[in-house]
Amino acid sequence: MLKQTLTIISYLLASLLVGIVVTLLADSTEDVAVEKKIRASMESEIRDTLASFRASAVHPTAGDEKNFLMHFITTVMADRLVVRDRGGADRGPAADDATTTYLFTVDGQQYALDVYLRKDYLKSELALLDVPDYIAGILSTVIVFGFLVYLSESRKRTRLMKQQFESKQAEFTSALERQEALALVGRMSASLAHELRTPIGTISNLVQVLPSRRGDEQFIKRFIALASEELNRTQQLIDNLVIYGKDIGALNEEWIPVGRLFEDAASGRVVLDMPEGMMLYGDRFYLGLLFKNLVRNAHDAGADNIRVNALLPDEDPESAVIVCDDNGSGFPLSADLDKLTDPFVTSRSRGGGLGLYLSKKIATAHGGSLSLVRKEEGARVILTIPRKRIRSSP
């Protein structure tokens with residue numbers, strides 16, 4: 001309340017100041033107009049008087065005109081004017097003094113009289129503050145005060161609207177984040193349920209048949225192989241979901257044989273075309289998960305031949321490239337390769353849509369990148385990493 005009162009008082013003082021300035025300006029303008037009118041009137045009266053003298057006098061001389069004017073001004077107009085005989089045609093009028101101001105010069109044939117206006121008379125005739133001046137000042141004060149109040153209220157309304165907008169925006173943002181979180185939970189739940197249904201169903205069927213075929217050695221071997229494969233798939237899905245929401249950081253870095261990483265990922269189903277003993281510097285768990293996802297995607301696409309090349313391109317001495325080619329069904333023509341690395345985006349009926357996303361995320365955490373290439377037959381995945389992270393010998 002006090003702040004608002006002080007604001008109103010400051011507006012009022014500013015308005016009064018503007019009103020005073022406007023009043024003084026109006027009065028000054030009027031004074032200039034009055035002084036101009038007085039000067040014109042005085043000059044006209046003297047010239048008219050001189051013309052009357054010339055018309056009525058009989059053969060007036062220059063001395064007669066001069067004496068008449070000086071007598072007329074010093075007697076009839078003494079309270080308003082002062083006349084000074086220049087005394088020489090080559091000299092200009094004297095400077096104004098404290099009591100007079102120059103009006104004009106009467107140039108006769110043989111004389112020159114400088115006429116000055118008395119300042120006290122001029123001051124008495126100039127307009128003092130009158131009603132129109134006061135009205136102009138009051139109107140200016142009212143207008144300025146009203147404008148300042150309006151501007152203040154307008155700013156207050158704008159600030160209030162901004163606060164309301166920001167509040168609503170925060171509510172909408174919070175609601176959107178909640179909806180996105182719920183949608184993410186739903187997609188993760190659907191992905192998990194979809195992916196777990198197959199291995200659980202497969203193992204469940206095998207377990208139901210197991211009691212009646214305990215003596216069947218081929219069945220037992222197939223049971224162990226299928227159960228192991230489905231459990232590995234389930235473990236990989238869980239690993240993907242666990243690290244999905246984490247910020248991946250290569251914290252436990254070490255030199256790892258590239259061949260060992262692919263052997264662990266593919267169980268010997270990968271052909272390596274790279275120098276023997278090539279090693280990669282990074283986090284063993286995350287790099288292993290990256291290559292497992294690449295190999296799993298290739299197998300799910302029907303590939304039975306996966307070839308991995310390691311290249312050190314001459315055109316980029318700072319980077320090394322690992323190229324993974326397979327002979328599977330490849331990426332569908334309708335699929336956007338850039339979007340396939342987004343979470344929960346997949347081109348297959350089976351798959352959670354996290355493999356390529358996490359692979360790219362892991363590559364980025366190691367200072368590299370992951371890109372997809374469509375081929376006539378099969379698919380190609382290119383992993384680019386800093387060359388300092390790779391070496392050819394232990």
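Annotations
- Of K361/K388; K221/K361; K292/K339; K339/K375, pairs whose Cα-Cα distance is over 26 Å: K221/K361
- Label-to-label distance for V34 and A62 is 4.0 nm, based on points extended 7 Å past Cα in the beta-carbon direction.
- Accessible area of S319 in the full protein assembly, 1.4 Å probe (Å², nearest 10): 20 Å²
- For a straight C-alpha distance cut-off of 21 angstrom, the lysines reachable from K119 (same-chain residues fewer than eight places away being disregarded) are K36, K37.
- Distance between the 7 Å Cα→Cβ label points at T202 and D316: 3.6 nm.
- Solvent exposure ordering (accessible area, 1.4 Å, most first) of H299, H59: H59, H299
- Segment 49-82 and segment 302-341 have Cα centres separated by 118 Å.
- In summary, no lysines lie within cross-link reach of K168, defined as a Cα separation below 17 angstrom excluding same-chain residues under 8 places away.
- Rolled with a 1.4 Å probe across the full set of protein chains, the surface gives S334 an accessible area near 110 Å².
- Ligands, DNA and RNA excluded, the heavy atoms of L272 present near 70 Å² of accessible surface to a 1.4 Å solvent probe.
- Heavy-atom accessible area ranking, 1.4 Å probe, most first, across L25, L148, L280: L25, L148, L280
The values are calculated or read from the model by the stated rules, or taken from the named source; none is laboratory data. If you're wondering where the values come from, they're calculated on a predicted model, not measured in any experiment. For neighbour counting, all protein chains shown are included, and Cβ atoms are generated from backbone atoms with ideal geometry for every residue, glycine included. The protein model used for the area step is the full one, side chains on, heavy atoms only, and it has no ligands, DNA or RNA in it. Shrake-Rupley method; radii C 1.70, N 1.55, O 1.52, S 1.80 Å.
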